[in-house]
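Trainee: Attaching a single structure in structure tokens format; questions to follow.
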Amino acid sequence: MAVRVTGLRRTRYRNLPTTRLGHVSAATALNLIRIDRWLTGTPLGGTRTSHLEALILAA
């Protein structure tokens, strides 16, 4: 979720203070999303099922 929502992997490591600011703002954004979902009762999302588990459930 974090990479998809905040784009953390696109951060360039050329200027370290700017990179740190990007990480702090991304963490803050994730916390706000979690608080909003907790207050509204929206689930964060289900856990992924592995391919083996999907095969077992299908049988």
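The values are calculated or read from the model by the stated rules, or taken from the named source; none is laboratory data. All values derive from a computational prediction rather than experimental measurement. Neighbour counts run over all protein chains shown; Cβ positions are idealised from the backbone, glycine included. Accessible surface is based on the protein model in full, side chains and every heavy atom, while ligands, DNA and RNA are left aside. Shrake-Rupley method; radii C 1.70, N 1.55, O 1.52, S 1.80 Å.
Trainee: Residues in the range 39-46: is at least one more than 10 Å from the chain's Cα centre (by Cα), on the phi < 0 side of the Ramachandran plot and modelled with pLDDT of 85 or more?
Mentor: Yes, because at least one residue in the range 39-46 is more than 10 Å from the chain's Cα centre (by Cα), on the phi < 0 side of the Ramachandran plot and modelled with pLDDT of 85 or more.
Trainee: Can you work out which of the residues in the range 37-59 that are among the small types (G, A, S) and open to solvent by less than 100 Å² (accessible area, probe 1.4 Å) is nearest to A2 (Cα to Cα)? First the steps, then the outcome.
Mentor: Pass one, the range 37-59, residues among the small types (G, A, S): 41, 45-46, 50, 54, 58-59.
Right, trim to open to solvent by less than 100 Å² (accessible area, probe 1.4 Å) and you get 41, 45-46, 50, 54, 58.
Details: G41: 20, G45: 12, G46: 15, S50: 20, A54: 25, A58: 30 Å.
Looking at residues that are among the small types (G, A, S) and open to solvent by less than 100 Å² (accessible area, probe 1.4 Å), I get G45.
Trainee: Considering only the range 14-36, state which residues are surrounded by 12 or more Cβ atoms within 10 Å (Cβ to Cβ) and under 17 Å from the mean Cα position of the chain (by Cα).
Mentor: Once the filter is applied, which keeps residues that are surrounded by 12 or more Cβ atoms within 10 Å (Cβ to Cβ) and under 17 Å from the mean Cα position of the chain (by Cα), the range 14-36 yields G22, H23, A26, A27, A29, L30, I33, R34.
Trainee: Considering only the range 6-28, I want to know if a residue exists there that is modelled with pLDDT of 90 or more and not charged (D, E, K, R). Full working, then the answer.
Mentor: Step one: of the range 6-28, the residues modelled with pLDDT of 90 or more are 28.
Now restrict to residues that are not charged (D, E, K, R): 28.
The answer is yes, given that some residue of the range 6-28 is modelled with pLDDT of 90 or more and not charged (D, E, K, R).
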